[in-house]
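A quick write-up on the structure given underneath.
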Amino acid sequence: MTLIKKTEELNLANKELALQNQEKEKRAAELMIANKELAFQNEEKEKRAAELIIANKELVFQNTEKEKRAAELILANKELAFQNSQKEKRAQELIIANQELIFQNNEKENRAAELIIAKDELISQNQEKERRAAELITAISDLKASKEQIIEINKELESFSYSVSHDLRAPLRAINGYTKKLKENFETQLDPEAHRLMNNIVANAKKMGQLIDDLLTFSRIGRRDLVKVNIPMLSIVKEICTELENEQSGRKIAFHLDTLLPALADNMAIKQVWLNLVSNAVKYTRLKEKAIIEISSEENGDQIIYCIKDNGAGFDMRYADKLFGVFQRLHSDDEFEGNGVGLALVHSIISKHGGRVWAEAKVNEGATFFFTLNKS
Amino acid sequence: MTTEVEILLAEDNASDAEMTIDALKKNGLANKLLHVKDGAAALDFLFAEGEYAGRSIENKPKIILLDLKMPKVNGIEVLQKIRADERTKNIPVVILTSSKEDPDIKKCYDLKVNSYVVKPVEFDEFQKAISSLGLYWMIVNQQPR
C-alpha cells in the first residue's frame with residue numbers, strides 16, 4: 001500500500017500537475033493574449049503619446065499665437081480706449097455744437113418769424129407804394145392837363161393883353177383927341193366950366209392910358225423869361241434917382257446911397273423894381289419939407305438884402321399884407337395918386353427871382369422897403 | 001388935280017385916321033394923302049388892282065403909314081407883299097400901331113419895316129409923333145430913284 005497509494009497519489013499529483021499545467025498553459029495563453037493586448041495597448045498608447053506630442057506642439061504653437069494675439073489685442077484695446085476717449089471728447093464737443101445749433105436754429109426761427117412779419121410789412125408798404133404811385137401817376141397826368149391848361153390860359157392872356165392894349169387905347173386916344181380938338185376949335189364959344197369939364201375928361205383918359213400901360217407891364221414881366229446877369233446895382237440906382245429928382249422941380253430931396261452890392265438878376269426887371277420903389281419914396285415924401293431917401297444893402301448868406309428907407313407918409317402896418325396886391329392901395333387917390341400896380345409888380349419880379357420883399361412903416365414916420373436877390 | 005398920292009394911310013379906325021390926317025394937315029402934308037380902310041384896299045392901290053385898276057404902279061407913294069390890326073388883310077401881310085414885289089419893295093413903310101404889346105414888332109423888322117411907331121394915347125403927344133414922322137419921311141428923307 002504505500003506504493004499504490006503513493007502511485008495513486010503520484011497519479012493524482014500528476015493529474016493535478018497536468019491540470020495545473022493545463023491551467024498554466026491556459027493562463028499563459030491568456031497571458032499571451034493579454035500581453036498581446038497590452039502590447040497593442042502599448043502601441044496604441046505610444047501612438048497616442050506621439051499624437052499627444054504633436055497635439056502638444058500644436059497647442060504650444062497655438063498658445064504662442066494666442067499670446068501674440070493677446071498682445072495685439074491689448075494694443076488694439078488701448079487704441080480703442082484712446083479712440084473711445086477721443087470719441088467721448090468729440091461727443092462732448094458735438095453736444096456743445098448741437099446745443100449751439102439748437103440755439104442758432106431757434107434764432108433762425110425767430111428771425112424767420114421776424115422776416116415773415118417784415119415781409120408782410122414790406123408787402124403792405126409795397127401796396128402802399130403802388131397806391132401812392134398810382135396816385136402820383138394820376139397827379140402827374142392832372143398836372144400835365146393843368147400845365148396844358150395854363151399854357152392855353154397864358155396864350156389867352158397874351159392875346160387878351162394885346163387886345164386890351166390895342167383896343168382900349170384906341171378909343172382913349174379918340175376921347176382925348178376929340179376933347180382937345182373941341183377945346184381948341186370952340187375955345188371962344190365955351191365957358192370956363194365947360195373947359196374945366198373937358199380938362200377932367202382929358203386927365204382921366206390920360207390916367208386910364210397910364211393904368212393900361214402899367215397893367216401891361218405887369219403882365220408882360222410875369223410872362224417874360226428872366227435873363228440873369230451881374231448887375232452893377234449902384235450905377236443903376238444912381239441913374240434912376242437922378243432921373244426922378246430932375247422930374248421934381250422945386251423939391252428938396254436928399255438921396256443917401258450906400259455902396260450897393262451887385263446881384264445876379266434880370267437887368268430890365270430890376271430897373272423896374274428900383275424905379276417903382278424910388279418913385280414911391282419920392283411920391284410919399286411929397287408933403288415933407290425935406291425928403292430923405294436912404295438906399296443901402298447888406299450881405300445875408302448867399303443873398304443880398306437891399307433896403308430903401310424914406311421919411312414920408314408911411315402906412316399902417318395893420319394893412320401891410322395888402323401892400324403888394326394888385327390894385328391894392330393904402331392911400332386914397334386924393335392924398336397920393338396911383339393905381340396899385342407898382343408894388344404888385346415889384347413883388348412879382350422879386351418872387352420870380354426867388355427873392356423876398358417886405359416893408360416896415362409907421363404912419364407919418366416913413367416906410368422902409370426890403371428885398372432880397374441872389375449874390376452875383 | 002393930280003392923282004399922285006404921296007402918303008398912303010391904311011387905317012381901319014376912323015378916329016385914329018382923322019387924328020392922323022389932322023396932325024399931317026397942320027404941317028401941310030395931307031394934300032396928297034389917300035386913306036384906305038383895310039389892307040386889301042392898300043394892296044389894290046399899290047398894285048393897281050380892283051378899284052384902282054388902270055393906275056400906274058410907277059406912281060409910288062413917298063411913304064406908307066400902315067396900321068397893324070386891320071380887317072381882311074392885316075398890316076403884316078401888306079408889308080410882306082410890298083417887300084416881296086420888286087416894284088414896291090423900296091417904298092418906305094411906317095407901322096402905326098396902338099400897342100407896344102404887339103407880338104409882331106420883330107416880324108415887322110424882319111420884313112424890313114422902316115419905322116415902328118406906337119400911337120400915344122395923349123393927343124398932344126400923338127400929334128407930335130405923327131407930325132415929326134410925316135415931316136421926316138416927306139421932307140428930310142431922300143427916296144431912292
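What trypsin sites (Lys or Arg not before Pro) does the range A:323-376 have in DSSP loop regions with at most 14 other beta carbons within 10 Å?
Details: sites: A:ARG329, A:LYS352, A:ARG356, A:LYS362, A:LYS375; in loops: A:ARG329, A:ARG356, A:LYS362.
Answer in residue order: A:ARG356, A:LYS362.
Based on the Kirkwood radius over alpha-carbon pairs, what is the Stokes-Einstein translational diffusion coefficient of the range A:1-79 at 25 °C with 0.890 mPa s viscosity, in µm²/s?
Details: Rh = 18.3 Å.
My calculation gives 134 µm²/s for D.
Between A:ARG251 and A:ARG286, what length in nm is gained on full extension when 0.36 nm per residue of separation is reduced by their alpha carbon distance? Before the final figure, lay out the partial values.
Details: separation 35, 0.36 × 35 = 12.60 nm, distance 0.80 nm.
Contour length minus the Cα-Cα distance gives 11.8 nm.
Which of the trypsin sites (Lys or Arg not before Pro) across the range B:74-131 are loop residues per DSSP, with 13 or fewer other Cβ within 10 Å? If you can, show how the numbers build up before the last one.
Details: sites: B:LYS81, B:ARG83, B:ARG87, B:LYS89, B:LYS100, B:LYS106, B:LYS107, B:LYS112, B:LYS128; in loops: B:ARG87, B:LYS89, B:LYS100, B:LYS112.
Sparse-neighbourhood loop trypsin sites (Lys or Arg not before Pro): B:ARG87, B:LYS89, B:LYS112.
So what's the angle, to the nearest 10 degrees on a 0 to 90 scale, between helix A:192-223 and the longest Cα principal axis of chain A?
Roughly 20 degrees, rounded to the nearest 10.
For A:ASN364 and A:GLU128, what is the calculated FRET efficiency with R₀ set at 41 Å and r taken between the beta-carbons, to the nearest 0.05? Display every interim value, and only then the final one.
Working: r = 59 Å, r/R0 = 1.45.
With a Förster radius of 41 Å, E is 0.10.
Per residue of the range B:12-29, in order, report the coupling 6.51 cos²θ - 1.76 cosθ + 1.60 (Karplus, θ = phi - 60°) as ³J(HN,Hα) in whole Hz, putting x for Gly and Pro.
8, 8, 4, 5, 4, 4, 4, 4, 5, 4, 3, 5, 5, 4, 4, 9, x, 10
With N denoting the number of residues in the range A:227-376, provide Rg(C-alpha) divided by 2.2 N^0.38 Å, to two decimal places.
Details: Rg = 14.6 Å, N = 150, 2.2 N^0.38 = 14.8 Å.
Ratio of Rg to 2.2 N^0.38 Å for the range A:227-376: 0.99.
So which GluC sites (Glu not before Pro) in the range B:49-114 end up in coil per DSSP with only 12 or fewer other C-beta atoms within 10 Å?
Values: sites: B:GLU49, B:GLU51, B:GLU58, B:GLU77, B:GLU86, B:GLU101; in loops: B:GLU49, B:GLU58, B:GLU86, B:GLU101.
Those that pass, being in a loop and sparsely packed, are B:GLU58, B:GLU86.
For chain A, what is the charge dipole size about the Cα centre, in debye to the nearest 20, if Lys and Arg each add +1 at the Cβ and Asp and Glu each add -1 at the Cβ?
Values: 55 positive and 60 negative charges, 73 e Å.
Result for chain A is approximately 360 debye, rounded to the nearest 20.
Please work out the Cα convex hull volume for the protein assembly as shown and give it in Å³ per residue. Spell out each step's value before the answer.
Working: hull volume 248.5 nm³, N = 521.
Measuring per residue, one finds 477 Å³ for the Cα hull of the protein assembly as shown.
How much space per residue, in cubic angstrom, does the convex hull of the C-alpha atoms of the range A:124-192 take up?
On the way: hull volume 6.3 nm³, N = 69.
Output value, Cα hull per residue: 91 Å³.
To the nearest 0.05, how large is the calculated FRET efficiency for A:ALA70 and A:ALA118 if R₀ is 45 Å and r is the Cβ-Cβ distance? Each step should come with its number before you reach the end.
On the way: r = 67 Å, r/R0 = 1.50.
Using R0 = 45 Å, I get an efficiency of 0.10.
Who wins for biggest fluctuation among A:ASN106, A:ASN11, A:ASN176 in a Gaussian network model of chain A, springs between alpha carbons below 10 Å?
Greatest mean-square fluctuation among the candidates belongs to A:ASN11.
Show the residues, 5+ positions off or on another chain, whose built amide H is closer than 5 Å to the amide H of B:VAL36.
B:LEU9, B:ALA10, B:GLU11
Among DSSP beta bridges whose residues both lie in chain A, state the antiparallel percentage, nearest 5. Please report the intermediate quantities before stating the final value.
Numbers: 25 of 30 bridges.
Of the beta bridges lying entirely in chain A, close to 85 percent run antiparallel.
Separation between the A:GLU109 and A:LEU10 pseudo-spin-labels, each 7 Å from Cα along Cα→Cβ, expressed in nm?
13.0 nm
Give me the Kirkwood hydrodynamic radius of the range B:7-140, using the inverse of the mean 1/r over all pairs of distinct Cα atoms, in Å to one decimal. List each step's numbers first, then the result.
Numbers: mean 1/r = 0.0677 Å⁻¹.
Computed over the range B:7-140, the radius equals 14.8 Å.
Which one of A:ASN246, A:LEU38, A:ILE292 has its Cα pushed farthest toward the positive end of the charge dipole of chain A, where Lys and Arg give +1 and Asp and Glu give -1 at the Cβ?
The listed residue farthest towards the positive side: A:ASN246.
List the longest stretch of chain A that has no exposed loop site; here a site is one of the chymotrypsin sites (Phe, Trp or Tyr not before Pro) assigned by DSSP to anything other than H, G, I, E or B, with at most 12 other Cβ within 10 Å.
Details: sites that count: A:PHE186, A:PHE327.
With chymotrypsin sites (Phe, Trp or Tyr not before Pro) excluded where exposed in loops, chain A gives A:1-185 as its longest stretch.
Between helix A:169-185 and chain A, what is the angle of the helix's C-alpha long axis to the longest principal axis, kept within 0 to 90° and rounded to the nearest 10?
10 degrees
Counting residues in the range A:53-210 as N, plug N into 2.2 N^0.38 Å and put the Cα Rg over that result. Present the calculation step by step, with values, prior to reporting the outcome.
On the way: Rg = 57.2 Å, N = 158, 2.2 N^0.38 = 15.1 Å.
Cα-based Rg divided by the globular estimate yields 3.80.
FYI, it's all coordinate maths here, none of it is from the lab. Treat the numbers as computed from the prediction; the structure is a model and nothing was measured. Backbone-built Cβ (ideal geometry, glycine too); neighbour counts: all protein chains shown.
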